[in-house]
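The values are calculated or read from the model by the stated rules, or taken from the named source; none is laboratory data. For clarity, every value in this text was computed on a predicted model and none was experimentally measured. Neighbour counts run over all protein chains shown; Cβ positions are idealised from the backbone, glycine included. All accessible areas refer to the heavy atoms of the entire protein, side chains included, with ligands and DNA or RNA removed. Shrake-Rupley method; radii C 1.70, N 1.55, O 1.52, S 1.80 Å.
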Amino acid sequence: MVAVVVVACALILRSPASIRASAFIGTLFGCFAVGIHFGWPPAITTALVCVLPLGCLLIVGRRPSLGAAAPWLRRGSITPEIFWLGLVTVVLGGVALVVWALIVRPEPAEYLSGLQRLPLWLAILGTVAFALVNPIWEEMLFRGVLLTELASVWGTRAAVVLQAMLFGVAHSAGFPSGVAGMVMAMSWGFVLGVIRARSGGILMTYLVHVTANAVIGVLAVLILV
């Protein structure tokens, strides 16, 4: 439904920003929908959403009238300020998770329970593997496409805030879940948006995202027993 609305808006607005966004988002949600409908293994669906949406965006961007398709697809600059901001984000994210888990004592999600039944080294390996792959499409979507296209319409500051809000809503059923999880994800998404805007690329946001996911995943495996 979300993909249909996005594509419909692109057809109505006919602006380069809306067309670029619909090419990526429509393909992204289409991959998820097809994977769920046909019961594909999560690894296959994840691989598709990490490759096909970007490919579709780059193909659409070959039309000169649409402008640069993915100006965010670059390393960007990694200054000491950005490095320390990323490090603080990872540390505070880990601390917030531990405090939340100790207070709430939530039931582990199904996938966490599955990891906890594995040998510790294998559970940590699985967590790190997930942390490396999942941020690829999330960073391309939120800090890449959404932040860039929203900034072209409303400016960078508004775009950073809006993509952070969408990032939080998207993680309402994640870990942590509920309102607390949404607030934590929004805060995290806001900082990642700032890093993306100041660095000029998504490499640093990807590295921070991977590190934070790995730390949170490992802590979740160790704490929620």
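Key figures
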item: Meets criteria (open to solvent by 10 Å² or more (accessible area, probe 1.4 Å) and touching an Asp or Glu at 6+ places or on another chain (Cβ under 9 Å)) for residue 157; result: no
item: Test: residue in the stretch 55-73 that is in contact with a Phe, Trp or Tyr (Cβ under 7 Å, 6 or more places away or on another chain) and at negative phi; result: yes
item: Residue satisfying all of: in the stretch 41-68; within 21 Å of the chain's Cα centre (by Cα) and farther than 17 Å from residue 132 by Cα; surrounded by the fewest Cβ atoms within 10 Å (Cβ to Cβ) among these; result: 41
item: Matching option when the condition is modelled with pLDDT of 90 or more and in a helix (DSSP H, G or I), among 9, 56; result: 56
item: Residue ID - surrounded by the most Cβ atoms within 10 Å (Cβ to Cβ), chosen from residues in the stretch 183-197 that are under 14 Å from residue 83 (Cα atoms) and of a type in the set (Val, Ile, Thr); result: 195
item: Selected residue (criterion: surrounded by the fewest Cβ atoms within 10 Å (Cβ to Cβ)) from residues of the stretch 26-40 that are in a helix (DSSP H, G or I) and either of a type outside the set (A, V, I, L, M) or on the phi > 0 side of the Ramachandran plot (or both); result: 37
item: Condition check for residue 204: under 17 Å from residue 104 (Cβ atoms) and either buried (at least 19 other Cβ atoms within 10 Å of the Cβ) or among the basic types (Lys, Arg) (or both); result: no
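Residue by residue, here is whether (1) assigned to a loop (DSSP other than H, G, I, E, B); (2) at pLDDT below 90 holds:
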site: 19; (1), (2): no, yes
site: 24; (1), (2): no, no
site: 47; (1), (2): no, no
site: 73; (1), (2): yes, no
site: 88; (1), (2): no, no
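One line per residue, one yes/no per condition, for (1) open to solvent by 80 Å² or more (accessible area, probe 1.4 Å); (2) more than 17 Å from residue 218 (Cα to Cα):
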| site | (1), (2) |
| --- | --- |
| 75 | yes, yes |
| 90 | no, no |
| 121 | yes, no |
| 151 | no, yes |
